[in-house]
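Worksheet for the structure shown next.
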Amino acid sequence: MQPLQRISEAQKQFLLDGVAQGLRSDGRGPFDFRRITFELGPIPTATGSCRVRAGETELLVTVKCDMAKPSRLRPDAGQFQVTVECAASVSVALADSYSGDDWGKRLSVLLETLCATDSVVDRKALCLLPGVFAWEVHVDVLVLTCGGNLLDSVSLALCAALSETVLPKVDVMEAVEEGEEVQLKVDDRPEAGVPFPLQKLPLCVTVAQIQDRFLLDVTSEEEMCADAMLCVIVDGKTGDIIGLHKSGRGLFDVTTLPAMLERCRGTAAALVQQLDRELSLKV
């Protein structure tokens, strides 16, 4: 999912020559990440929220929870939905002429597929009374600026926002008399809340292949020069690889895959350490 930007042939050749010599335009090593900063809870009216700045990329994630009736297809499970939108200042047209709305929808589906499956989000734990009451969770991602490596930044912000999300404690009061409706008793004290049922911590770590070199945390210019990109989804809790997603028209060198997977595991572990520090400071 790469935004449409233009780069001259001279710029492209300069970048390619640098990468071939192990040099990047911003002075980083091939596997170095740009500075990442978190702001937890910037939206007090949301159930959970996080603002992340990673290099030139900045985005805001908010989590909102409502009580609703479960769907007929899954009466014993709550609902979880991710929606991605872009600020007006962000160019959201894709190289293959998708509109901004289509780009947001495609990225929303990709995030739900990679980072919000039933093995990641325990939807059954979001159900209070099958067929009657369940949590309906909406995650809104607003991309404020995009400077490359967007999917990784969104997954990190998503994990941060959900990790600090606390659902109000809700007890189901059974009907005493015939014909009486079931009631809910809500305890909205923060200390009585229930942590969001996040079973795994899905962190995306994308490896870009430019000729025979590999880079992490690529800029927008590096994305446009990449032959292929492989997004590795790592469970930050266990270090297990829980998903892969390839983009780009080129072929990824599979002989390097074991080494790259280990590199991604190490990178995810470092990101989790930084996230844990931020969460502990908030507490």
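The values are calculated or read from the model by the stated rules, or taken from the named source; none is laboratory data. Here the structure is a predicted model, which is why all the values come from computation and not from measurement. Don't worry about glycine lacking a Cβ; one is built from the backbone with ideal geometry, like all the others, and counts go over all protein chains shown. All accessible areas refer to the heavy atoms of the entire protein, side chains included, with ligands and DNA or RNA removed. Shrake-Rupley method; radii C 1.70, N 1.55, O 1.52, S 1.80 Å.
Matching residues to (1) open to solvent by 20 Å² or more (accessible area, probe 1.4 Å); (2) aliphatic (A, V, I, L, M); (3) assigned to a loop (DSSP other than H, G, I, E, B); (4) farther than 27 Å from residue 164 by Cβ:
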residue: 30; (1), (2), (3), (4): yes, no, yes, yes
residue: 34; (1), (2), (3), (4): yes, no, yes, no
residue: 59; (1), (2), (3), (4): no, yes, no, no
residue: 75; (1), (2), (3), (4): yes, no, yes, yes
residue: 81; (1), (2), (3), (4): yes, no, no, no
I need the full set of residues from the range 188-206 which are crowded, with 20+ Cβ neighbours inside 10 Å and among the charged types (D, E, K, R), in order please.
200
Scanning the range 125-168 residue by residue, those of a type in the set (Val, Ile, Thr) and open to solvent by 20 Å² or more (accessible area, probe 1.4 Å) turn out to be 132, 145, 166
Residue 209 fails exactly one of the following numbered conditions: (1) closer than 28 Å to residue 48 by Cα; (2) surrounded by 12 or more Cβ atoms within 10 Å (Cβ to Cβ); (3) touching an Asp or Glu at 6+ places or on another chain (Cβ under 6 Å). What is the number of that condition?
(1)
Of the residues that sit in the range 113-124 and are more than 16 Å from residue 204 (Cβ to Cβ) and in a helix (DSSP H, G or I), which one is most open to solvent (accessible area, probe 1.4 Å)?
124
